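Since the structure comes first, as structure tokens, the remarks are kept for the end.
No lab work stands behind these numbers, since they all come straight from the coordinates. Everything numeric in this text was worked out from a predicted model, so none of it was measured. In this analysis, Cβ positions are derived from the backbone assuming ideal geometry, glycine residues included, and neighbour counts consider all displayed protein chains.
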Amino acid sequence: MEKLVIGIDYGTDSCRAISLDTVSGKELASHTSVYPRWKKGLYCDPSSNRYRQHPQDYIDSLVEVIHGLLAQLPPDKVENIVALGIDTTGSTPCLTDRDGTPLALLPEYGDDPDAMFILWKDHTSIREADEINALAHKWEIDYTSRSGGIYSSEWFWAKALHALRVNRKIREQACSIIEHCDWMPALLTGNLKPEKVKRSRCAAGHKGMWAAEWGGYPSQEFLSALDPLLEGFGARLKNETYTSDNSAGKLTPEWAERLGLPQDVDVAVGIIDAHAGAIGAGITAHTMVKIVGTSTCDIVVTPKEDIAGKLIPGISGQVDGSVIPGLIGLEAGQSAFGDVYAWWKEVLSWSLNLLPEGERAEAEARILPQLNEEVERLPVTESDPVAVDWLNGRRTPFVDLTLKGAITGITLATTPAQIFKSLVEATAFGSRAIMEHLAKEGVRVNEVIGVGGISLKSPYVMQTLSDIMGVPIKVAATQQAGALGAAMCAAVASGVFPAMESASEFLGQDYSTAYTPRAENRGIYDILYDKYRKLGKFCSDF
């Protein structure tokens, strides 16, 4: 019998969904919904690095994308939908009440940013992350040892603690914490109670200091020593986690009716978007999947025997089964990539405020295409301006979100295109630094696969990335790698395929293009990379 699965990808700005025929392997439909409140800029304050998303945005977008998807399918095909999988950004946690309801869905907290999901790029909890690191490094168990030895302000515990500290009102009902990728399956299956949630291995391991080696999440003693405000929070989290090839349960009758889906649909355990994207891109052992967007996530899976118990410092985690069950998932990345280019576009757009609104929008839309066109004609020389890409801090190697970016070597003759070129090269230098760090730690990477909007839309950026990293880069053909990976998880969770490898092999898509390093630029880029490293050291010490 024909069986269909749905993959749902919750990104930074929108929710996207696709449906797959598991017999033919074809994508049958897709639909996208932009978060309405987020689009208006509500509840965010970029000047203080506060980025919050309302849970109602997630619900409204889910309903819209599923109905939009089903409208493209014949009614008889809808009856054959057997499972859905969900990925989300992460770490994007939220405080909940005793019943597992995100506080922002309660009337008294409806407009309170601290009661909402704290988006992955929110950096308001740097102080809390510093305290977690200081305590963990002197505790009998170093709970940061599976996340590169440094806990980030972008992650679960730091964000929740910050919200509890700064907002006395939410302490009245805050009883637990949930990641976005765990909340969606729990909501749809009716398993919202904190003790009943099937928590994602990838989110817990990479963002929540969970590890089988010490029995789960950090002990309550550790959390209470960190801050008494966390008293009881550890006890409400199940120490068992699940890989995303497992079912979190069936759709409740209420949600089946609301979404227009069959009642026996399996909902896969949630997964972080970068990990789902790696699955959708066809990750295998010794492959790096580089998800290139506003930031980057670099995902590598490696056999356990290659790691042999070694802990890799300075990355965003190594977790057994976090991406592919049976393999160790390694995560690294850059806090800003496409956001660096967007910043330069915003700088150049400032003078356009003098134009009428219609003309302004048209002119602004031409800036990045024009820069890409001009920069293609620029030579690569030793005297080029050099930039550091830490405009949103550094994620890897060795997270430090207090760091700032820099540009050096500019003169009165430097053009906007030359500065743009230095920024593109800076993001590529940051990628090279990650690759070299992994190699130094003995992690073998044989190939790189690029996914995400930039990999599909900017040949200049991808060729520069290949030149500077010194490796060939294949670009996945799919524009929905996250949703595709989530759909693959759903196919395995419902028993359509026996394992993730077989689902990936059958449902995976081809590659759209490939980039090969150009030998003529290698020597000069080595010189510029050395300048990048020296400038980075100066920025770190400044």
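Note on the chain: with charges restricted to the Cβ of Lys and Arg (+1) and Asp and Glu (-1), its dipole about the Cα centre is near 660 debye. Sequence-distant contacts, meaning Cα pairs under 8 Å at least 6 residues apart, place the relative contact order of the chain at 16 percent. Other residues whose C-beta falls under 11 angstrom from the C-beta of L355 contribute a net charge of -3, scoring Lys and Arg +1 and Asp and Glu -1. In order along segment 507-520, the phi-based Karplus estimate (6.51 cos²θ - 1.76 cosθ + 1.60, θ = phi - 60°) of 3J(HN,Hα) comes to 9, x, 9, 7, 10, 7, 6, 9, 10, 10, x, 8, 4, 5 Hz; Gly and Pro are listed as x.
Averaging Cα coordinates gives a centre for segment 292-331 and one for segment 363-393; these two points are 31 Å apart. Distance between the 7 Å Cα→Cβ label points at L352 and K169: 3.8 nm. Quick check: the distance between the Cα centres of segment 166-233 and segment 46-101, to the nearest angstrom? Here the answer is 20 Å between Cα centres.
Which shape class, rounded, prolate or oblate, goes with segment 79-154 when its Cα gyration tensor gives a ≥ b ≥ c as root eigenvalues, a/c under 1.5 marks rounded, and past that a/b bigger than b/c marks prolate? Cα axes put segment 79-154 in the oblate bin. Can you list, bin by bin at 5 Å, the percent of alpha carbon pairs in segment 21-168, starting at 0? All Cα pairs, binned at 5 Å, distribute as 2, 8, 14, 17, 14, 12, 11, 9, 7, 4, 2, 0, 0 percent.
Look at the dipole of the chain built from charges on Cβ: of T22, A491, H180, the Cα furthest out on the positive end belongs to H180. Rounded, prolate or oblate: which fits segment 152-288, taking a ≥ b ≥ c as square roots of the Cα gyration tensor eigenvalues, rounded meaning a/c under 1.5, else prolate when a/b beats b/c? Cα axes put segment 152-288 in the oblate bin. The HN-Hα couplings worked out from phi for segment 15-30 by the Karplus form 6.51 cos²θ - 1.76 cosθ + 1.60 (θ = phi - 60°) are 10, 10, 9, 10, 10, 10, 8, 6, 8, 8, x, 8, 7, 9, 6, 8 Hz, whole numbers, x standing for Gly and Pro. Computed over neighbours whose Cβ is under 9 Å from that of G7, the net charge equals -1, Lys and Arg +1, Asp and Glu -1.
Counting charges near A417 (Lys, Arg +1; Asp, Glu -1) among other residues having Cβ under 12 Å from its Cβ returns a value of -2.
Return one number: the angle in degrees, 0 to 90 and rounded to the nearest 10, between the long axis of the Cα atoms of helix 55-70 and the longest principal axis of the Cα atoms of the chain. Taking the Cα atoms of the chain, the angle to 55-70 is about 90 degrees. Take the chain, mark every one of the GluC sites (Glu not before Pro) that falls in a DSSP loop and has at most 15 other Cβ within 10 Å, then report the longest stretch left between them, sites excluded. Segment 383-542 is the longest.
With contacts taken as Cα pairs under 8 Å at a separation of at least 6 residues, segment 199-316 carries a relative contact order of 20 percent. About its Cα centre, the dipole of segment 334-432 is roughly 320 debye, where the only charges are +1 on Lys and Arg Cβ and -1 on Asp and Glu Cβ. Label positions at E79 and H137, each projected 7 Å from the Cα along the C-beta direction, are separated by 6.3 nm.
Between V23 and A342, the C-beta separation translates, for a Förster distance of 30 Å, into a calculated FRET efficiency of about 0.15.
Here the Karplus relation 6.51 cos²θ - 1.76 cosθ + 1.60, evaluated at θ = phi - 60°, turns the backbone of segment 119-125 into coupling constants of 4, 3, 8, 6, 10, 7, 10 Hz, with x for every Gly and Pro. Calculated mean residue ellipticity at 222 nm for the chain: -11000 deg cm²/dmol, from DSSP H runs with n ≥ 4 weighted as -39500 (n - 2.57), summed, divided by the residue count and rounded to 500.
Potential lengthening of the chain between T415 and A365 amounts to 16.1 nm, from the contour at 0.36 nm per residue minus the alpha-carbon distance. By the Cα gyration tensor, the chain has an equivalent ellipsoid whose semi-axes, rounded to whole angstrom, run 35, 28, 24 from largest to smallest. The lysines within cross-link reach of K3, meaning a Cα-to-Cα straight distance under 27 Å and a gap of 8 or more places when in the same chain, are K26, K77, K198, K250. Positive-end ranking of A225, Q263, H206 along the dipole of segment 202-265, with charges on Cβ about the Cα centre, is headed by Q263. Looking at the chain, the DSSP beta bridges with both ends there are about 70 percent antiparallel.
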